[in-house]
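The values are calculated or read from the model by the stated rules, or taken from the named source; none is laboratory data. Remember, predicted model here, so these are calculated numbers, not experimental data. Here the Cβ positions follow ideal geometry from the backbone for every residue, glycine too, while neighbour counts run over all protein chains shown.
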Amino acid sequence: MLQYPDNPYLLLTPGPLSTTKTVKAAMLRDWCTWDADYNNLVKEIRSRIVNMATQASSEYTCTLMQGSGTFSVESVIGSSIPDDGKLLILINGAYGERMLQITGYLHIENSVLRFSETEPVNAELTEKTLAENPDITHVAVVHCETTTGMLNPVREIGEVVKKHQKIFIVDAMSSFGAFPFDISAWNIDFLVSSANKCIQGVPGFGFVVARRVLMEKLKGRARSLSLDLYDQWNTMEQGNGKWRFTSPTHVVRAFLQALNELDEEGGPVARYQRYQANQILLVNGLRELGLMPLLPDQFHSPFITTFLFPGDYNFSFQEFYDALKQKGFVIYPGKVTHYECFRIGTIGDVHLPDIERLILTIKSFMTK
């Protein structure tokens, strides 16, 4: 008989991440994509995501989109910007650069405001750029840039974007569900996130929370069949939760379980507090071992932290990675352009005793 072993290691990454046994167990049943039982799950998920995102729930709507989070980002960029539109992208890491890459593939006119990977995007420079370029119609930014773990000042950027009456797109992939904010209060028009991040589901789909009045204007704009955000949304609206094409049914059911567990934990505020406690313990513990974070503390998110390679001996990331994996931890390599570094995530089904064990394991490696 097939056995279901415990996980051999914790995923200390920004997603996919370690999930609970109950989330995994929710995938053991099969579902029919046309059946009302399954479509009702989709309807519930869409409603709960909107209610989590804003108190102005009647003004927003949610669309689920197959694939990784990048699929959903591309669906928004490719479906929301008209042929005569122009997107301003605020970039301070790899995921902002990915948005720029998407505009190139889709032949969308763009303007770029690029910042150092070790500094947040800047609202004043954004305002100056918008004032000097009235042809810009949309602005996009990443909330938590997981290249470094940087939290960007999305609320301040949103105020500037609305002052200039532009459409505001936010990649909240690594923050939504564990960073309490109201997207209406932050002037966000399109927010994108993914099932396998802070809500602690498994990979398979992303989702877009958007102003309903804007969604209704998107018909015919999409530059892709599969990533036509309007058609996906309209099918879910008219079909009571139906997807256009085959949906990841098991992943959807696991996500509903993950939403339930988020509520049981106390919602985004409580989850933020747990992740933050994990991250603070991690940073303090590794500092004592001589491993310094790349960013100043005031720029840190509670989701992932970048650490510089130690400079006092011949450090091998691969040896470090292998040693941690052998002891039950998987971390991420660095992604910063000009620094040798690695990254450790503090999200998912990860708790303070796990971080304490990790610190002891790293101490053992560094003092061997």
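Any idea which of (1) assigned to a helix (DSSP H, G or I); (2) within 18 Å of Gln165 (Cα to Cα) is the one Thr103 doesn't satisfy?
The number of the failed condition is (2).
Based on what the data block shows, is Leu214 of a type in the set (A, V, I, L, M), part of a loop (DSSP other than H, G, I, E, B) and in the same structural domain as His107 (by TED's automatic domain parsing)?
no
Which condition breaks for Thr305 when tested against (1) in a loop (DSSP other than H, G, I, E, B); (2) surrounded by 13 or more Cβ atoms within 10 Å (Cβ to Cβ)?
Failed condition: (1).
Quick check on Lys43: is it of a type in the set (Lys, Arg) and free of Cβ contacts under 8 Å to residues at least 24 places away in the same chain?
no
Can you tell me which condition Cys198 does not meet? The list is (1) touching a strand residue (DSSP E or B) at 6+ places or on another chain (Cβ under 7 Å); (2) crowded, with 21+ Cβ neighbours inside 10 Å, and all the others hold.
Single failed check for Cys198: (1).
Given Val42, Val23, which one is out of contact with any His (no Cβ under 9 Å at 6 or more places or on another chain), within 30 Å of Leu106 (Cβ to Cβ) and in a helix (DSSP H, G or I)?
Going through Val42, Val23 in turn, the sole match is Val42.
Specify the residue that is farthest from the chain's Cα centre (by Cα); the eligible residues are those in the range 218-265 that are under 15 Å from Ile45 (Cβ atoms) and among the small types (Gly, Ala, Ser).
Within the range 218-265, the match that is farthest from the chain's Cα centre (by Cα) is Gly239.
Can you pull out the residues in the range 114-158 that are part of a helix (DSSP H, G or I), farther than 24 Å from Pro302 by Cα and not polar (S, T, N, Q)?
Once the filter is applied, which keeps residues that are part of a helix (DSSP H, G or I), farther than 24 Å from Pro302 by Cα and not polar (S, T, N, Q), the range 114-158 yields Glu124, Leu125, Glu127, Lys128, Leu130, Ala131, Glu132.
Only one of Tyr321, Tyr339, Tyr272 is among the aromatic types (Phe, Trp, Tyr), surrounded by 17 or more Cβ atoms within 10 Å (Cβ to Cβ) and not assigned by TED's automatic domain parsing to the domain that holds Asn152; which?
Result of the check over Tyr321, Tyr339, Tyr272: Tyr272.
List the number of the failed condition for Leu259; all other conditions in (1) part of a helix (DSSP H, G or I); (2) out of contact with any helix residue (DSSP H, G or I) (no Cβ under 7 Å at 6 or more places or on another chain); (3) not acidic (Asp, Glu) hold.
(2) is the only condition that Leu259 fails.
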